[in-house]
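> Structure incoming, see below.
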């Protein structure tokens, strides 16, 4: 009773609405259902294990497994176990099961007109029963032995060695070749580039080339060039020009110059006192 | 186990009184098991099939019943499993997609010749069919059979806590359904 009260109280706490609904299941069942139920169930229980209508001879299953194995070893159709021997062949089996069917089996149901196959193809009619292929004598007799020998034959070393072996390093050697070729090509390219490339884009030319091409330049072009350049160039800016030379130094410098040239120079430029001669 | 159940088991194990004991067991538990099954499968014909299967299983298995629970618990367990298997089988046979199988049972309720949409007890049946099968079992065992959670735990092989949560959840779902339909 306490349990029922607890359940009712629990339901009321969860849902007052559902607690108010009648707990009677609205489904109906026939009045005679339950009184007969037990009998119906018992009947079903008994019929689920109904014994078979067929009988088995006494001792049939004794040694059954051995008998089956013996039949298998001796070949199909030979009985070696207990019970009735099984007749050999399909016809004998059918005759033992049903003589009527065995009789009917021999009679052809369907008929064809006489000479039917000859009319369709005389060649086929003649060749019908002729097997063109031949088999060597005792072939089928020897076949199981040969197969067994081949299966059990040990594999020779030569046969093993002849087997093609593919090494895992095959691809690696090709890779080295390609990389070496790339390195050589890179070196050639680098050397060529270093030789030909000039930073800043300026090409250097030798003084000989300049001197050789100077006569081709006109005087007017030269004058224009000099006028465009800085005129200070005409002035002695070099320290070298302003260097203080002593008399001894001058004597050394001019010692090899002939006197006639010195005189000529003096006449053209004056300042004989500036020239120190030997 | 009750004295009567123990007695019935002894008689069942005696070949001479086996059938008589079995008949007595059926008569004692047939209505409880029938209504438990009927609330799950709705139609009488289906309930009859399931109930008879249950008792056949009882006949085959009662010899090995270990008596570690009440006979009543064991019977309810077989009945519940048979119901769930039967419903699963119906779902597989049915052309309806799995998520629409509860509408098949609802249609059976509506097709009942005594169905009255204005009565709350019929609405309750429709609401119960919206629950998943196992939750429906929990609700019907608690609501109709007033089974304690401890007993239910042995029938359904589920913890009491899970059963309480399932039942509370089921009540809320049913209430929502009734209020909205």
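A short reminder: the numbers here are calculations on the coordinates, not readings from a lab. A quick note: this is a predicted structure, and the numbers were derived from the prediction, not measured. Virtual Cβ from ideal backbone geometry, glycine too; neighbours counted across all protein chains shown.
> Counting other C-beta atoms within 10 Å, which of A:195, B:39 has the fewest, and how do the rest follow? Don't skip to the answer; put the middle values down first.
Values: A:195 8, B:39 23.
With the fewest neighbours first, A:195, B:39 line up as A:195, B:39.
> Additional query: Per-residue Cβ counts within 10 Å, from other chains only, averaged over B:49-61: what number is that? Before the final figure, lay out the partial values.
On the way: counts 0, 0, 3, 5, 2, 1, 7, 5, 0, 2, 7, 3, 0.
For peptide B:49-61, the averaged partner shielding equals 3.
> Which angle from 0 to 90°, rounded to the nearest 10, does the C-alpha axis of helix B:3-13 make with the longest principal axis of chain B?
70 degrees
> I would also like to ask the following. For helix B:133-143, what angle does its Cα long axis make with the longest principal axis of chain B, in degrees from 0 to 90 and rounded to 10?
Approximately 70 degrees, to the nearest 10.
> So, one more: For region B:1-80 and region B:117-181, write down the distance between their C-alpha centroids in whole Å.
With region B:1-80 and region B:117-181 each reduced to a Cα centre, they are spaced 24 Å.
> In peptide B:105-115, how many Cβ atoms from other protein chains are near each Cβ within 10 Å, on average? All intermediate terms of the calculation are to be shown ahead of the outcome.
Values: counts 0, 0, 0, 0, 2, 0, 0, 3, 1, 3, 2.
Other-chain Cβ atoms within 10 Å of each residue's Cβ, averaged: 1.
> What per residue convex hull volume, in Å³, comes out for region B:85-174 when only alpha-carbon positions are used?
On the way: hull volume 9.9 nm³, N = 90.
Value for region B:85-174: 110 Å³ per residue.
> If I fit a long axis through the Cα atoms of helix B:101-111 and take the longest principal axis of the Cα atoms of chain B, what angle between them do I get, 0 to 90°, rounded to 10?
In chain B, helix B:101-111 runs at an angle near 90 degrees to the longest axis.
> Per residue of chain B, what 222 nm ellipticity follows from adding -39500 (n - 2.57) for every DSSP H run with n ≥ 4, rounded to the nearest 500?
Details: 9 runs with 137 residues, N = 181.
Counting only the DSSP helices, I get -25000 deg cm²/dmol.
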